[in-house]
Amino acid sequence: MNGAKLSILALLASAAAVYGCASNTTTSSNALTHSAAASTTAPMALRVDNFMLVDADMEAHELYRLADAKAVVIVSQSNDDAVTRSLAPNLKALKAAYGAKGVEFMMLNSNLKDTRAAIQAEAQKAGYDTPILMDSYQLVGESLGVTRAAEVVIIDPKTWKVAYHGALADGAAAKALDALSAGQPVTMASSSLSKGAAISFPQRGATNVSYSKDVAPILEAKCVACHEEGGIGPFAMKDYATVKGFSPMIREVIRTDRMPPYHADPHVGKFSDDKRLTPEETKTLVHWVEAGAPRGEGPDPLGAVKRVAAEWPLGKPDLIIDVPAYTIPASGVVDYQRPAVAGTLTEGKWVRASTVKPGSRQGVHHLLTGWMAEMPASGKSSETKWAASLGAGYAVGAESSIEPANAGVYLPAGGAYGFQAHYTPFGKEAVDKSQIALYFYDKPPELVMHSIVVIDTTIQIPANEARHKEVAYVQFPKDALLYSAFPHAHYRAYSSDLWIQYPDGTQKLLLDLPRYDFNWQRSYTFAEPIKVPAGSKLIAHYVYDNSKRNPSNPDPSINVSWGEQSFQEMLFTSLSYRWVGETASHRVKYDEEMGKTRLVGMMDDNLDGKLQKTELRGQMGAMLLKYFDVLDKNHDGALDAEELAAAQAMMGPRRSAAAPPSADPQAAAFNAKAGGGK
């Protein structure tokens, strides 16, 4: 699943470096803004720090990814503002004239009353052809000094300083862009102010934030579980002095939505394991940092108790499995390791929870597990022989896995435990001794969990393409309940989502990750299980950024296809579900029926339930294309699920040989919840 990953320490260190040398400038700029809080006009920003916002069409935009632009133009927008609407042709003309010259254009909606749906409707009504960023917490509008709609802020990406701030109406923005392109001085403001609607920023300049009463409780609730001694965080939030020292970094990672590491968009769905800061918590922390992170009065809740990470966060395990030790080299590419150990259970158990403790956090990218009926003579595991699950798996940033109440996965007695381990060199040799903790039910649960993966091993991402899209799905033959989703891709992944398409063709967005983060991979558990009627499709879209603007891109000049290493790519969304009506005492085999449509769902890009010749890619596609006319029994120019099922049966061993080695085995193994059907 990966290659050389950034450690959490490196991630936060890079955030500090981005912020570091400019922190004094930023503080002084914000101080100017705050001092004029009571004024009707906020002072203009001098420099713009990095931020990440999502537009009304659910695409993420990060400012510092535009470092190669000639200029970045941000126009403030407010719904129902006649001035901004009337200037839509002006903005379109400006974009037409300068967009081709390398100038980036965005609109910014900081109006608290405007919802995503309302902004979409406004854009269509007014004819805006520029993405409208949703500044829902107002933090970006505040820092830019925005007060009205139809203001223009022009940023110089060479310095991230504001080169111009004025009205859109008087044409001065074009003159500023000309001057900036020519390397000439730019007048900071136009001769006239915007006449657009006033935008209220009720918390602009907030300085009455208490560390003791407001800040420390947020950190305790949302951050300390990782940022404690021995925790996954790179530093422990042990007292006020430590937090203040890291406060510029804290502001940076909040503004770019890297922390807390829970990347589901708040506009879509509700989740029981939600780690996000609330809007008020976000604004409280950022405003406190911008005010200089004052200590103020009151006790220091973080310093009152020494917090040390527990060896096992879920308590004493019922079973600890030692993964065979492996020496990770200092450099190079390490092939997947597949060790196996003999099973130790004398009777079958139902797993209710698990924790994977990587021995080397920097070196272990992922660890998958499965049960085999017997110990291989070679001592090596093979995913094709995994007949059940341990209910345990790990990827960078993942947490313990806890099954839903009264539901579990069945682990048979004896046999052997197989592992798929991906190690990533990080500059020095290290020995990994990972462990797996399992927690069992005292008596069998009533319900049985399963998993399946939305997967496409035929993806092909062209070189230098910034927004390449791929799609795949699985179709459920019987009624089911969906509990969680685990999206996975590699360095070039930009975003991911999950939709349900009901039998009548209507669709609903269930999960949206506007910015996929390779360094933090996790399940997203729905607050209430999603009903999946028989015949429904669960559809995963992935967008890949194979351009030089992607700072994680190993090489934008090459075409990229499916592969195990992270310099290759994946489309892989694991789904945890159960069949309606199935119990531990009444098992079903619907997974086998669902398997008959897997090949269609992998390559059916137009979602019509069939495969046309133009949709066939990769080794499997080439094989199907070779025999297409023979397989197309009804001669309709497409292969349906029935025809493909016959093809799969006919291909037999050749089908396995044509697929990438980790395609179907990983799909069956990753976080698998198999009492049966796996």
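Any read-out appearing in this document is the output of simple, stated calculations on the displayed coordinates, not a laboratory observation. Keep in mind the model is a prediction, meaning the values are calculated, not measured. We place every Cβ from the backbone using ideal geometry, glycine too, and count neighbours over all the protein chains shown.
Quick notes on this structure:
- Two-decimal ratio, the range 141-254, of alpha-carbon radius of gyration to 2.2 N^0.38 Å: 1.53
- Here, the range 345-504 has an Rg and a Dmax of 18.3, 56 Å when only alpha carbons are counted.
- Here, the range 168-313 has an Rg and a Dmax of 20.7, 64 Å when only alpha carbons are counted.
- Expected 222 nm ellipticity per residue - DSSP helices of 4 or more, -39500 (n - 2.57), all of the chain, to 500: -6000 deg cm²/dmol
- Centre-to-centre separation between the Cα atoms of the range 350-396 and those of the range 200-277: 33 Å.
- Excluding same-chain neighbours fewer than eight residues apart, the aspartates and glutamates reachable from Lys626 by a Cα-Cα span under 19 Å are Asp604, Glu615, Asp636, Asp640, Glu642, Glu643.
- Annotation: extensible slack from Val333 through Ile232 equals 33.9 nm (criterion: 0.36 nm per residue apart, minus Cα-Cα distance).
- If you wrap the Cα atoms of the range 364-447 in a convex hull and average its projected area over all directions, you get 7.0 nm².
- Normalising the average separation of contacting C-alpha pairs (under 8 angstrom, six or more residues apart) by the number of residues puts the relative contact order of the chain at 14 percent.
- The alpha carbons of the range 243-302 give a radius of gyration and a Dmax of 13.3, 39 Å, in that order.
- Full extension of the chain between Asp68 and Glu465 gives 141.4 nm of extra length, using 0.36 nm per residue less the Cα-Cα distance.
- In Å, descending, principal axis extents of the Cα set of the range 44-113: 34, 30, 28
- Potential lengthening of the chain between Lys548 and Val305 amounts to 82.9 nm, from the contour at 0.36 nm per residue minus the alpha-carbon distance.
- Cα-Cα separations in the range 85-224 greater than 26 Å, expressed as whole percent: 33 percent
- Sequence-ordered 3J(HN,Hα) estimates for the range 291-296 from the Karplus curve with 6.51, -1.76 and 1.60 and θ = phi - 60° stand at 7, x, 6, x, 6, x Hz, glycine and proline given as x.
- Directionally averaged projected area (convex hull, Cα atoms, the range 423-560), nm²: 11.9 nm²
- Proximal aspartates and glutamates to Lys508, defined as alpha-carbon separation beneath 13 angstrom and excluding residues fewer than eight positions away on the same chain: Asp497
- Bridgeable aspartates and glutamates around Lys589 (alpha carbons under 14 Å apart, same-chain partners fewer than 8 residues away excluded): Asp479.
- Directionally averaged projected area (convex hull, Cα atoms, the range 258-348), nm²: 13.0 nm²
- The label point for Ala342 and the one for Ala182, both projected 7 Å from the Cα toward the Cβ, are 8.4 nm apart.
- Correct option for semi-axes √(5λ) of the Cα gyration tensor in Å [calculated from the coordinates] among (1) 46, 32, 22; (2) 78, 28, 23; (3) 60, 30, 19: (1)
- Antiparallel %, DSSP beta bridges [both residues in the chain], to 5: 85 percent
- In this structure, the pairs whose alpha-carbon distance is over 26 Å, taken from Lys596/Lys633; Lys244/Lys275; Lys158/Lys428; Lys306/Lys357, are Lys158/Lys428.
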